[in-house]
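Student: Below is one structure. I have some questions about it.
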Amino acid sequence: MSPIFADLVIFNFSLHGIHFALSVGQLLCWGLALVVGILARLVFGRRVPFGIFSTFVVALMGIWFATDVILIDIPKDILIYDVPLLKATISAIVFELLWYLIAYRSYRSWTRRRRLYASSMQKQ
């Protein structure tokens, strides 16, 4: 790997003996999760609970799962700052789809209960 694409530390500090560092690879993962989360929100609409925050967190979990937990190499995957873009994007999309499939049924029943409660309050 060339030194140009090595993971650069942008910001670091220590707090009560715990060292924190922010690198370009982390920012790339956060940016990718934000883009996938916004696209998932546009595709699924308001049917996902907790809005854009949940889609962002689920996409981050998908990226982490693909890059650190499952060690499958995709041939000719593009590595930028030690982040495999294709594998991270595919896993974020799969996790978003799973989140939608798991959460939609409970979210739908919750919104239906809220509408029924609101209509019963108007009758009184």
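No value in this document is a laboratory result; all are computed from the given coordinates. All values derive from a computational prediction rather than experimental measurement. A quick note on method: Cβ atoms are made from the backbone with ideal geometry, for glycine too, and the neighbour counts reach across all protein chains shown.
Student: Assess whether L42 counts as being of a type outside the set (S, T, Y), in a helix (DSSP H, G or I), at negative phi and in contact with a strand residue (DSSP E or B) (Cβ under 9 Å, 6 or more places away or on another chain). Talk me through it step by step, then tell me what you get.
Tutor: Working: of a type outside the set (S, T, Y): yes; in a helix (DSSP H, G or I): yes; at negative phi: yes; in contact with a strand residue (DSSP E or B) (Cβ under 9 Å, 6 or more places away or on another chain): no.
In short, no.
Student: Take the conditions within 20 Å of V9 (Cβ to Cβ) and of a type in the set (G, A, S) and apply them to G31. Does it pass?
Tutor: On the way: within 20 Å of V9 (Cβ to Cβ): yes; of a type in the set (G, A, S): yes.
Yes; evaluated as a whole, the condition is true for this residue.
Student: Being in contact (Cβ under 8 Å) with a residue 12 or more places away in the chain and basic (K, R) is the filter here; which residues of region 67-95 pass it?
Tutor: Hit for region 67-95 is K87, nothing else.
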